[in-house]
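Let me begin by presenting the structure, written as structure tokens, before commenting on it.
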Amino acid sequence: MLRPTNKEKLLNVFFHDPIADGTGYRLRELSRIVGVAPTSIKIYLKELITEGLVVVKEERATKYPLYAANIENNDFTLRKKIHTLLSIHESGLMDYISEECMPNAVVLFGSTSLGEDTKQSDIDLFVMSEETNLNLKNYENKLGRKIHVFFSGNFGKLSKELKNNIANGIVLKGYLKIF
């Protein structure tokens with residue numbers, strides 16, 4: 001894959017943790033995380049604010065601006081979902097699950113599939129196959145999240161609530177027959 005631009009690296013920070021510590025990021029903090037000079041980060045932030053992907057708010061105590069993802073913006077949510085799907089693909093997780101479980105379907109569901117996840121969120125996967133013992137530590141490290149896998153060989157036997165959750169997820173592999 002191509003190396004991400006500095007602007008993409010900055011946006012990835014917001015994908016990983018949309019609202020740092022519930023308040024936002026300071027300019028210098030973003031500069032340290034991305035590894036780019038604060039002047040460049042400020043330029044990229046202005047572009048992201050103009051695009052509606054990032055919002056700025058002023059902290060009362062220090063008067064320094066705080067930057068956070070605009071989680072109300074549909075474009076941000078879509079880009080976050082795409083970023084998550086690419087990350088899962090590039091980690092090799094789907095190849096591993098396919099080899100170990102030979103599933104009929106794999107579905108990403110829950111907050112991650114909606115683009116509403118935070119750094120504390122886990123990745124919820126439904127695997128339509130018999131339960132298999134998977135070693136996911138390597139993939140959890142690559143993705144920076146816990147991975148919770150729910151197995152079932154028969155979609156019809158699941159609870160109504162779980163079926164709705166899974167049906168509203170993103171099919172990563174195979175075909176999910178609901179009716």
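Of note:
- Being β-branched (Val, Ile, Thr) and out of contact with any helix residue (DSSP H, G or I) (no Cβ under 9 Å at 6 or more places or on another chain) is a condition met by no residue of the stretch 107-116.
- A single entry from Leu176, Leu158, Leu172 fulfils the requirement of being at pLDDT 95 or above and surrounded by 12 or more Cβ atoms within 10 Å (Cβ to Cβ): Leu172.
- Pairs, first over 16 Å from Gly22 (Cβ atoms) in the stretch 64-90, second of a type in the set (Lys, Arg), C-beta under 6 Å, six or more apart: Tyr64/Arg26
- Here the helices (runs of 4 or more DSSP H) wholly within the stretch 33-150 that include at least 1 residues being among the aromatic types (Phe, Trp, Tyr) are 38-50, 74-91, 93-101, 137-143.
The values are calculated or read from the model by the stated rules, or taken from the named source; none is laboratory data. Note that this is a predicted model, so its numbers are computed, not measured. We place every Cβ from the backbone using ideal geometry, glycine too, and count neighbours over all the protein chains shown.
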